[in-house]
Amino acid sequence: MQKELIHWYQIHQRDLPWRKNKDPYKIWISEIMLQQTQAETVIPYYNRFINTYDTVSSLANAKEEDIYKLWEGLGYYRRAKYLYLSAKMIVEQYHGEFPKTYEDIIKLKGIGSYTAGAICSIAYGLPIPAVDGNVLRIIARYYGIKENIAATCTQKEIYEIVRQLIQGYDASSFNQGLMDLGALICTQKPKCDECPIHKDCQAYQQGMRNILPINIKNIKKTDHHYITGIITYNNQYMMIKNTSGMLENLYGFIQYECESPYTYMELFNQAYHADLALVEYIGDVKHIFTHRKWYMHIYHFVLNKPIDHLYTLDQIYQIPLSTAHNKVLQAFLKADD
């Protein structure tokens, strides 16, 4: 199975910019960007990021806000924060040289066992598994595993299988072969006839390819309803920088979980000691995060005096804006046309 997979990968591997060399820094950046994000989406972000910060030291010396601006639109912004913190850690503790062992790599912020395994195997050729959702799916099908792959015990079982499979083989090609097989062929709707290892696949032999893997996640999405204010003063918009939470270090409009724009105006006055005049209702925007939904009910307000945090539209385009609030801005601009 290993030989067939590696041979297939060496012929059919995807042409991705982070595969041009084995620089652990560049592999690290790509793997962090690829978390929860498809490769096609990542490519332009990766190229811009590496062109701007081509070494660990340049990233460590960057302005945090500039990093967030480059990341804008990619989502899961905490990844950018962890990259920045880890770059500083590498400079301070490893003299700017990317660590070479699994034990040191997994200590970096934002790196789990999959990312550490990917870096170790691709950059250094170490026989360490890189097990993500794609690999869980492939191995569950190949070995006919009928347990829930969302369960920790099943994931540990599959990790051990991959750990044994990778020993004595080209770890980089094996792990990346699994990545590409999961992305291109052994997908949710598998293309078994194109698969290099389908002959010995239990799911294929037993006619269970559309049943396996069993993947039952207990995830509850929490709904949040906000009144989101487009607050203006003389063609300037009021925006604030989030200091914590999911959108930390990103800018957005002021919003409150309340049911009336008049309650919003009272809460705003208490926080900023300024009065608002209600102009109009703009519309609703929905934004879905991994475990929650935001329903943003947009109203246009006007300030009675200039206060801090006012930006022109040109200035807004220069600061890191959350995707959710960019939707709000675009809804307002469209309504204003």
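The values are calculated or read from the model by the stated rules, or taken from the named source; none is laboratory data. Keep in mind that this is a model prediction, so the values were computed, not measured. Glycine gets a Cβ as well: all are built from the backbone with ideal geometry, and neighbour counts include every protein chain shown. Heads up: the accessible areas ignore ligands, DNA and RNA and are worked out on the full protein's heavy atoms, side chains in. Shrake-Rupley method; radii C 1.70, N 1.55, O 1.52, S 1.80 Å.
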- Note on the structure: In the stretch 79-109, anything among the basic types (Lys, Arg) and not in a helix (DSSP H, G or I) is listed as Lys100, Lys107, Lys109
- Residues in the stretch 174-223 that are open to solvent by 10 Å² or more (accessible area, probe 1.4 Å), outside any loop (DSSP other than H, G, I, E, B) and of a type in the set (S, T, N, Q) total 4
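For every residue, the table says whether it meets (1) of a type in the set (Val, Ile, Thr); (2) in contact (Cβ under 8 Å) with a residue 60 or more places away in the chain; (3) under 14 Å from Tyr237 (Cβ atoms).
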{"site": "Tyr295", "(1), (2), (3)": "no, yes, no"}
{"site": "Tyr299", "(1), (2), (3)": "no, yes, yes"}
{"site": "Lys305", "(1), (2), (3)": "no, yes, no"}
{"site": "Leu310", "(1), (2), (3)": "no, yes, yes"}
{"site": "Gln315", "(1), (2), (3)": "no, no, yes"}
{"site": "Pro320", "(1), (2), (3)": "no, yes, no"}
{"site": "Ala324", "(1), (2), (3)": "no, yes, no"}
{"site": "Asp337", "(1), (2), (3)": "no, no, no"}
- Do we find a residue being closer than 24 Å to Thr290 by Cβ and either hydrophobic (A, V, I, L, M, F, W, C) or touching a strand residue (DSSP E or B) at 6+ places or on another chain (Cβ under 8 Å) (or both) anywhere in the stretch 189-206? no
- Query: Somewhere in the stretch 237-248, is a residue over 25 Å from Arg79 (Cα atoms) and touching a residue at least 12 places away in the same chain (Cβ under 8 Å)?
  - Reply: yes
- Task: Could you list, in sequence order, all residues of the stretch 32-49 that are surrounded by 15 or more Cβ atoms within 10 Å (Cβ to Cβ) and over 10 Å from the mean Cα position of the chain (by Cα)?
- Result: Ala39, Ile43, Tyr45, Tyr46, Phe49
- Message: I need the full set of residues from the stretch 36-71 which are among the β-branched types (Val, Ile, Thr) and under 20 Å from Thr115 (Cβ atoms), in order please.
- Response: Thr37, Thr41, Val42, Ile43, Ile50, Thr55, Val56, Ile67
- Would you point out the residue of the stretch 1-50, among those that are of a type in the set (S, T, N, Q) and assigned to a helix (DSSP H, G or I), that is farthest from Leu74 (Cα to Cα)? Gln2
- Subset of the stretch 132-150 [under 23 Å from the mean Cα position of the chain (by Cα), of a type outside the set (Asp, Glu) and open to solvent by 30 Å² or more (accessible area, probe 1.4 Å)]: Gly133, Asn134, Ala150
- Taking Ala171 as the residue in question, decide whether it is open to solvent by 20 Å² or more (accessible area, probe 1.4 Å) and hydrophobic (A, V, I, L, M, F, W, C). no
- Hey, any hits in the stretch 229-239 for a residue that's open to solvent by less than 80 Å² (accessible area, probe 1.4 Å) and part of a loop (DSSP other than H, G, I, E, B)? yes
- Task: Scan the stretch 117-150 residue by residue and report those that are aliphatic (A, V, I, L, M), in a loop (DSSP other than H, G, I, E, B) and touching a strand residue (DSSP E or B) at 6+ places or on another chain (Cβ under 9 Å).
- Result: Ile145, Ile149, Ala150
